[in-house]
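Only one structure is covered here, and it is reproduced in the block below.
The values are calculated or read from the model by the stated rules, or taken from the named source; none is laboratory data. Since the structure is predicted, the reported quantities are computational estimates derived from the model, not experimental observations. Cβ: placed from backbone, ideal geometry, glycine included. Neighbour counts: every protein chain shown.
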């Protein structure tokens, strides 16, 4: 009888330990997800408030000048260490994978110059159209990276990407 009791108490211990570890993992994972959601929401609401606020003086709309459309030097890109498949391979941008590349192409952003001309809210709108799985992506540096690629500044792009992790500054 005592050996049965020892076996059952051992099982209870492992059951409770498993539940506790699962609960702790859940709290930790949820805290990571909640931080990214909370940090994205204030910037979106702030952008909406700024857009809705009338300015005191009529200002001209400032539009970033996209880089001149040039041909992409694939040989130089490969020499700089990029595995570029074609001249419009947006996946060399840190933070853009094949699915985001396809999403941008579906929405009319096909070249580095076109991506460089996009603002962060415009890129965020395209990502939102793609669904919830794209909301984790951060397009903050994509236009800057694309401008360097469009201008064939591969060494500068490589240096910038060395300072990034997933498209975000370290």
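Quick one: is residue 94 buried (at least 16 other Cβ atoms within 10 Å of the Cβ), in contact with a strand residue (DSSP E or B) (Cβ under 6 Å, 6 or more places away or on another chain) and either in the same structural domain as residue 147 (by TED's automatic domain parsing) or at pLDDT 95 or above (or both)? Quick ask: steps written out before the conclusion?
Numbers: buried (at least 16 other Cβ atoms within 10 Å of the Cβ): yes; in contact with a strand residue (DSSP E or B) (Cβ under 6 Å, 6 or more places away or on another chain): yes; either in the same structural domain as residue 147 (by TED's automatic domain parsing) or at pLDDT 95 or above (or both): yes.
So residue 94 fits the description; yes.
Those residues that are surrounded by fewer than 20 Cβ atoms within 10 Å (Cβ to Cβ) and either in contact (Cβ under 8 Å) with a residue 12 or more places away in the chain or part of a loop (DSSP other than H, G, I, E, B) (or both), I need them from the stretch 73-83; list them, please.
73, 74, 76, 79, 80, 81, 82, 83
Given the criteria within 30 Å of residue 162 (Cα to Cα), part of a loop (DSSP other than H, G, I, E, B), modelled with pLDDT under 80 and not assigned by TED's automatic domain parsing to the domain that holds residue 133, does residue 37 qualify?
no
Check the stretch 124-131 and report whether any residue there is without any contact (Cβ under 8 Å) to a residue 24 or more places away in the chain, outside any helix (DSSP H, G or I) and surrounded by fewer than 18 Cβ atoms within 10 Å (Cβ to Cβ).
yes
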